Structure formats: structure tokens, C-alpha cells
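A short write-up of the structure that comes next.
The values are calculated or read from the model by the stated rules, or taken from the named source; none is laboratory data. All values reported here derive from a predicted model rather than from experimental measurement. In this analysis, Cβ positions are derived from the backbone assuming ideal geometry, glycine residues included, and neighbour counts consider all displayed protein chains.
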Ligand code: SF4
């Protein structure tokens, strides 16, 4: 287990996001030990605005120590406006190996659920089975863009191994929780040659799939035929989901016209 060695305070916690499938979100950690190299959009933004110095600084998570006090203050004011809260947008709520982050995520979800607010969780860590005891309206998701551990070590060096991630999600599914998988940022074949069908089969038990291309990556945009590639794969995802009655969402700009 890893220890948090830096705590910071914030003035606000819940905010409305502009992302495609989001409502409200909260980020109770600054930085993320998963250190994704796609690159991570949150890292690029924080670096641009001077909130983190460099990649190493980003990878040392700083816990927002007044998270629960902020929620106590903000939930009564916002609860009628909020449809759902996503944990998280610019960090990971179940950061691999950080028990203190996990505990804070669970306590936050409990507070939101107690006010009748549903939570949507997305992680590259391990979803604890104790989540099954919380509101059954919650939705629990993992990101999964490959099944190849050597690729995971290269692009998501601090995140949980794929099979561990999947097993935790499946365990929640098996006890009746709503589960989903984000297949984003999906890589082009010049990054890794892989079989989409194999990945789809591995996640075929979930209730919902999100599929999206890799952005902000020169190797991807310089891959000849990347538009055709994403169009073809998006069609495969849609057909797979329609055959199995799985909900799906294809992220903006993943399907493009020639
Ligand atoms: S898990 Fe998310 S927030 Fe963390 S480094 Fe990866 S992309 Fe960024």
C-alpha cells in the first residue's frame, strides 16, 4: 500500500462538467499516481495552468483533506439541481494502492447517496466489493483499452493490471450492481496491434460501453487511415452492443466523415 504524503485544502468540491456524458463531478485528489501517458488530459491542463510542476509532481497524489466538510456544505444547496455526480474527472477515485483515496471515495459516495444523489464511478484501479452495499442507482466503471499487460505498463504505468480491474468489475456485476466500461482512449495499430473483438468479449457482461479515439497524440493522428480505423471499430462496437442489448455511447469525433 502507498501512503499519501501531501494534503491540501480547497474552497469548493462539486461542479458542473462540460463533458459529453457528465452532469456534476468532484475531484478530491490533485494529481494521479496512475501517470497515464496517452497523454492524460487532466495532467496537461494542470501543467498548463501551473498547478503541477512536471510529470513526477503529477504522479504524487495530494488529497483534499476538507472534502467531506465541503460536501456537507454543498450538497444541501445543490441537491435539487444534481442528477448525478461522476467520480472523478481529473483524477482517479480508486487510485491503485492508495487506501486513503479509496476510503475518501467511499465516504463521499455515501454522503451523496444519503442525499438521494446517484454516483457514477470511473477508475483504472480496483473497485472494492463493499460498493455493492451502497445505492443500487450508482454505476461503477473501469477504463479498459487493451488486455495486453505490457501495453498497460507502458501507457498506464501506475494503474491496476487489466485482469484485476476486470475481476473487480465482474464481482460487482455478479452481485447485481450496474457496471460499465470506458474503452477510451482506444489506440491505433501503430501503438498496439490487438483484436477489438477479444476485448469486447471480455467486457460483454457490462450494462454499458463507451468507445472513443485517442486525442492529443501525434502518433495516432499521423497513423495513415486512422479515420477509417476508428469508423470501422466504432461500427463493430455498435454492432456488438446491439446484438447483446448493451447500452453504448460513441464519443464525439470518433466517427468522422471522409
Ligand atoms: S487515471 Fe485518469 S487522471 Fe489518472 S493519470 Fe490516468 S488519465 Fe490521468
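Scan region 192-213 for residues that are within 21 Å of residue 120 (Cβ to Cβ) and part of a loop (DSSP other than H, G, I, E, B) and jot them down.
Of all residues in region 192-213, those within 21 Å of residue 120 (Cβ to Cβ) come to 203-212.
If the condition is that a residue be within 21 Å of residue 120 (Cβ to Cβ) and part of a loop (DSSP other than H, G, I, E, B), then 204, 205, 206, 207 are the ones that fit.
Given the criteria part of a helix (DSSP H, G or I), crowded, with 21+ Cβ neighbours inside 10 Å and in contact (Cβ under 8 Å) with a residue 12 or more places away in the chain, does residue 95 qualify? For residue 95, the condition - part of a helix (DSSP H, G or I), crowded, with 21+ Cβ neighbours inside 10 Å and in contact (Cβ under 8 Å) with a residue 12 or more places away in the chain - is not met.
Could we say that residue 216 is farther than 18 Å from residue 123 by Cβ and within 16 Å of the ligand (Cβ to nearest atom) here? I'd like the intermediate steps shown before the answer.
Details: farther than 18 Å from residue 123 by Cβ: yes; within 16 Å of the ligand (Cβ to nearest atom): yes.
For residue 216, the condition - farther than 18 Å from residue 123 by Cβ and within 16 Å of the ligand (Cβ to nearest atom) - is met.
Considering region 31-50, the residues that are surrounded by fewer than 14 Cβ atoms within 10 Å (Cβ to Cβ) and not in a helix (DSSP H, G or I) include one that is farthest from the ligand (Cβ to nearest atom), namely 50. Scanning region 51-64 for residues that are within 9 Å of the ligand (Cβ to nearest atom) and either surrounded by fewer than 21 Cβ atoms within 10 Å (Cβ to Cβ) or at pLDDT below 95 (or both) turns up just one, 59. Checked against (1) closer than 30 Å to residue 80 by Cα; (2) out of contact with any helix residue (DSSP H, G or I) (no Cβ under 8 Å at 6 or more places or on another chain); (3) more than 13 Å from the ligand (Cβ to nearest atom), residue 14 passes all but a single condition, namely (2). The residues in region 172-187 that are more than 18 Å from the chain's Cα centre (by Cα) and either outside any loop (DSSP other than H, G, I, E, B) or surrounded by 22 or more Cβ atoms within 10 Å (Cβ to Cβ) (or both) can be counted, and the count is 1.
With respect to (1) under 25 Å from residue 130 (Cβ atoms); (2) touching a helix residue (DSSP H, G or I) at 6+ places or on another chain (Cβ under 7 Å); (3) part of a helix (DSSP H, G or I), the lone exception for residue 70 is condition (2).
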